[in-house]
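A.B. asks: Before anything else, here's the structure in question.
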Amino acid sequence: MYLCWLHVFAFYYLKYARIVIYKSIYLKYQRLKGFIAVLCGFNSRITGKSIYQIFKMNNQISKLAGISSASTRVIAGLMSGTSLDGLDIALCEFSGSGLNTRLKVLHFITFPYKEAFKEQLKSISFKGQVSLQQVTLLNALIGTYSAELILEALKKWDYPVDAVDLIASHGQTIFHAPFSLHQQIPFPDATLQIGDGDHIAVKTGIITLSDFRQKHIAAGGEGAPLAVYGDYLLFSSPDENRILLNIGGISNFTYLPAGRDANHVFSTDVGPGNTMMDQFIQLHYPGKYYDQDAAVAKTGKVNEALVAALMDNDFFADPFPRTTGPELFNIAYLRAAQKQSGQEALAPEDILASLCEFTARSIIAAIRTSIGDQPFAVYLSGGGMHNPLLVDKLTAGLGFELRNTTALGINPDAKEAVLFALLANECVAGGDTDFGARQGIPSVTMGKISLPY
């Protein structure tokens, strides 16, 4: 055993030594580069520039290895959701990994997107046909813009850039296409997030992980929801059944049975969260981006015929776990339901009240159908938790008071950004959590690594 480790050490040490020797001799005797390369065990066609690049690359890989083995890691998690309202940045300090993860959120900030930038995102998001040029341009721009906002946040916090070990960027989802939606053989489940990680890494000088969802799909998942990984590691309890309910543009929840048994964890998208209500308010109330404090919806009356038509979709009959997005639940979906129910002339406030009811009923039905009557506590996060009418409907429908994740030590507005920071921590320092054969929860690490140099 010891002899085996000695061989491993000798191989890597001598490989590194050969690089150093070659680099130093080459710089002095460039005309003998072929002879020196062969002497050091390299192909004679190798150039000084290429060996210098190898040397630099090894420095970056060595740095990553050092981050992996460090007692603590500082990771900036970035999240921009389907609501397209802004970029959340959570600066987190991690120690350990898996169920031994210890987390401290050092700072959190949200940068609201300017209206012009929102319109650019809307022009390519959740549409069947878009300009490939615009997608290409925004892929680079989002990465560069994200990097600028990270640097601005660090400056606001007076936190040194070189003290940040990693950046974990979710990117911007522009289309989510599970097979249940597209039903095109032989195409698999698919999703697309843009905002290239290389642009973030180079502009900040910080190693960046991005494009987390592709590995999930490659390993048999649908690319969503990913919150289950962080929910299980951070919030599972030895003695309380917990539901972590996130109401963003789309609603999803993770069920964590007491006892921390990964084989019985359950996670699924539910259906609409804020997306349809937000789209409707923006369309009919110029200058408003969402129904603040449910002020408009509270003045309306729920139309049962419209709610029934909204609930009448094959998605709600699909087996759990399931995924969805604004490519299904949008204004076109609402208009079709209005036509089906004969409610095309309904007052705007009544439509908004009905959309709120639709969101609440879809969440309650999904929880009751999948979890049953066993006791559980619900912890909220996401923008929907700020909608008092929606929270009241959920409380009445479930029959008990709901709390938010502040009770578990995490700012609910920061939760998703924190979860991507955790995925990065697992990628470089963990990866041992086994979810068994749970459908939709492959036991993999996620994130593509971009080196700044």
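No value in this document is a laboratory result; all are computed from the given coordinates. Please read all numbers here as calculations on a predicted model, not as lab measurements. Backbone-built Cβ (ideal geometry, glycine too); neighbour counts: all protein chains shown.
A.B. asks: Run lengths n ≥ 4 of DSSP H only: what is the helix-derived mean residue ellipticity at 222 nm for the chain, with -39500 (n - 2.57) per run over all residues, to the nearest 500?
C.D. replies: -13500 deg cm²/dmol
A.B. asks: As an exercise, use a Förster radius of 25 Å and the Cβ-Cβ distance of residue 156 and residue 240 to find the FRET efficiency, rounded to the nearest 0.05.
C.D. replies: Between residue 156 and residue 240 the formula returns 0.10.
A.B. asks: Using a basic spin-label model with each label point 7 Å from the Cα along Cα→Cβ, how many nm lie between residue 406 and residue 100?
C.D. replies: Between residue 406 and residue 100, the simple spin-label model gives 3.4 nm.
A.B. asks: Semi-axes of the equivalent ellipsoid for segment 306-392, please: Cα gyration tensor eigenvalues, times 5, square-rooted, ordered largest first, whole Å.
C.D. replies: Equivalent-ellipsoid dimensions as semi-axes: 24, 17, 12 Å.
A.B. asks: Figure the gain on full extension for residue 70 and residue 117 (residue separation times 0.36 nm, minus the Cα-Cα span) and round it to one decimal in nm.
C.D. replies: 13.1 nm
A.B. asks: Further question: Nearest 0.05, what FRET efficiency do residue 148 and residue 373 give at R0 = 56 Å with Cβ-Cβ as r?
C.D. replies: 0.65
A.B. asks: Can I ask one more? Could you please rank 276, 311, placing first whichever residue has the fewest other Cβ atoms within 10 Å of its Cβ?
C.D. replies: 311, 276
A.B. asks: Assuming R0 = 25 Å, can you tell me the calculated FRET efficiency for the pair residue 107 and residue 292, based on Cβ-Cβ distance, to the nearest 0.05?
C.D. replies: Values: r = 26 Å, r/R0 = 1.03.
E between residue 107 and residue 292, to the nearest 0.05, is 0.45.
A.B. asks: Can you tell me, using C-alpha contacts under 8 Å and at least 6 residues apart, the relative contact order of the chain as a whole percent?
C.D. replies: The value is 19 percent.
A.B. asks: Please list the equivalent ellipsoid semi-axes of the chain, computed as the square roots of five times the alpha-carbon gyration tensor eigenvalues, in descending order and whole angstrom.
C.D. replies: For the chain, the semi-axes come out at 46, 25, 20 Å.
A.B. asks: Would you work out which of 445, 411, 381 lies farthest towards the positive end of the dipole of the chain, given +1 charges on the beta-carbon of Lys and Arg and -1 on that of Asp and Glu, about the Cα centre?
C.D. replies: Farthest towards the positive pole: 445.
A.B. asks: Right, next: Counting alpha carbon pairs within less than 8 Å and at least 6 residues apart, what relative contact order, in whole percent, applies to segment 85-197?
C.D. replies: It rounds to 23 percent for segment 85-197.
A.B. asks: Turning to a different aspect of this structure: Can you tell me the dipole magnitude for the chain around its Cα centre, using point charges on the Cβ only (Lys, Arg +1; Asp, Glu -1), in Debye to the nearest 20?
C.D. replies: The calculation lands at about 2440 debye.
A.B. asks: Between residue 263 and residue 133, what length in nm is gained on full extension when 0.36 nm per residue of separation is reduced by their alpha carbon distance? Please report the intermediate quantities before stating the final value.
C.D. replies: Details: separation 130, 0.36 × 130 = 46.80 nm, distance 4.40 nm.
That works out to 42.4 nm of additional length.
A.B. asks: Still on this structure: If you place +1 on the Cβ of every Lys and Arg and -1 on the Cβ of every Asp and Glu, how big does the dipole about the Cα centre of segment 241-374 come out, in debye to the nearest 20?
C.D. replies: Here segment 241-374 has a charge dipole of around 200 debye.
A.B. asks: Oh, and also: Taking a threshold of 21 Å on the Cα-Cα distance, which of the pairs 155/203; 301/393; 288/339; 114/156 fall above it?
C.D. replies: 288/339
A.B. asks: Along its three principal axes, how long is segment 241-374 when you only count alpha carbons? Whole Å, largest extent first please.
C.D. replies: Principal axes ranked by extent give 50, 29, 26 Å for the Cα atoms.
A.B. asks: Which one of 336, 305, 295 has its Cα pushed farthest toward the positive end of the charge dipole of segment 241-374, where Lys and Arg give +1 and Asp and Glu give -1 at the Cβ?
C.D. replies: Most positive-ward Cα: 295.
A.B. asks: I'd like to verify something in the chain: which complete DSSP H helices, judged by Cα projection on the helix axis, reach 27 Å or more and average at least 0.5 on the Kyte-Doolittle scale?
C.D. replies: 2-28, 132-157, 348-371
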